[in-house]
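See structure below.
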Protein chains: 2
Amino acid sequence: MALSSAASQIDRTLSALADPSRRRTVELLRERPHRAGELAAAAGLSPAAMSRHLRLLRQSGLVSERHDGLDARVRVYQLRPEPMAGLAQWLQETEAMWAGQLTAFKAHMQALDDDSPA
Amino acid sequence: MALSSAASQIDRTLSALADPSRRRTVELLRERPHRAGELAAAAGLSPAAMSRHLRLLRQSGLVSERHDGLDARVRVYQLRPEPMAGLAQWLQETEAMWAGQLTAFKAHMQALDDDSPA
DNA sequence: AAACCAGTTAACCAAATCATTAAATATCTC
DNA sequence: GAGATATTTAATGATTTGGTTAACTGGTTT
């Protein structure tokens, strides 16, 4: 199994998400795709700064870029599922040791969910 | 809900995990608690460097420290579940978005289907 | 008590990181 | 074609980060 490459992908994902501006950007993107300019404004950054963050997010595989159909100047960014899924899996491996505690926690959350109306 | 405080805890967790040496350390700790010296040797770091990483991991809430019962000089580090669970939950919110997009996609297809007939 | 051992802290340095401003690339609109 | 617009890239500078070595703190051993 290619553990080392998987590991370095986790590293890339984590260091990409470590920056608050990039994490904010990802949170915006998980609602829906956004234009680069929208992201810059919403994150309170200059277009240049956001562009650099987006390049890093692209290189880390967290986002994909496409050109808008109507106006080819605008670039639309979208979240890619793979790195997040990989990180989730890494976390699950970590959580295995807490199986007992987590089972209790999940049972608690499940109980809360069950309270929610149909 | 205290989103901002929860957010900054996520930030602390992510930036703590972003460093490869610290991520390696966490991977060692998720098998079992370790002494500081063991962690330094296993991660290929000087005791001083590892000590600084452990301080940061402690401050971020990812690990707890205790003194060994027999030899009070040695410090045993252990993984704490809360920050990892918080990060897992944040990731789940992302997965919810995939489900949401899929739902939207299906709705879109449904709308097309409704247009199609006869 | 003297020497030793586990670990942390302090001071210092090199490398990485992030924002900013200015210039460059396309692309659109008139 | 002449601007305006959306975004990226380059150059620069300040801040942060991670490692090293050397001193320091407690605790142990003999």
Of all residues in the range A:32-56, how many are more than 8 Å from DNA strand C (Cβ to nearest atom), within 14 Å of another protein chain (Cβ to nearest Cβ) and in contact (Cβ under 8 Å) with a residue 40 or more places away in the chain? 2
Consider residue B:22 carefully, then state whether it is modelled with pLDDT of 95 or more and either under 30 Å from residue B:94 (Cα atoms) or within 14 Å of chain A (Cβ to nearest Cβ) (or both). yes
Residue tally, condition more than 7 Å from DNA strand C (Cβ to nearest atom) and out of contact with any Gly (no Cβ under 7 Å at 6 or more places or on another chain), over the range B:72-86: 9
Give the residues of the range B:31-82 that are of a type in the set (Gly, Ala, Ser) and more than 24 Å from residue A:93 (Cβ to Cβ), sorted by residue number. B:37, B:46, B:48, B:49, B:51, B:69, B:72
Quickly run through the range A:57-76 and pick out the residues that are within 20 Å of residue A:32 (Cβ to Cβ), assigned to a loop (DSSP other than H, G, I, E, B) and touching a residue at least 12 places away in the same chain (Cβ under 8 Å). A:61, A:62, A:68, A:74
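The values are calculated or read from the model by the stated rules, or taken from the named source; none is laboratory data. As the structure is a computational prediction, the values presented were derived from the model and not from experiment. Heads up, the Cβs are rebuilt from the backbone with ideal geometry, glycines too, and the neighbour counts pull from every protein chain shown.
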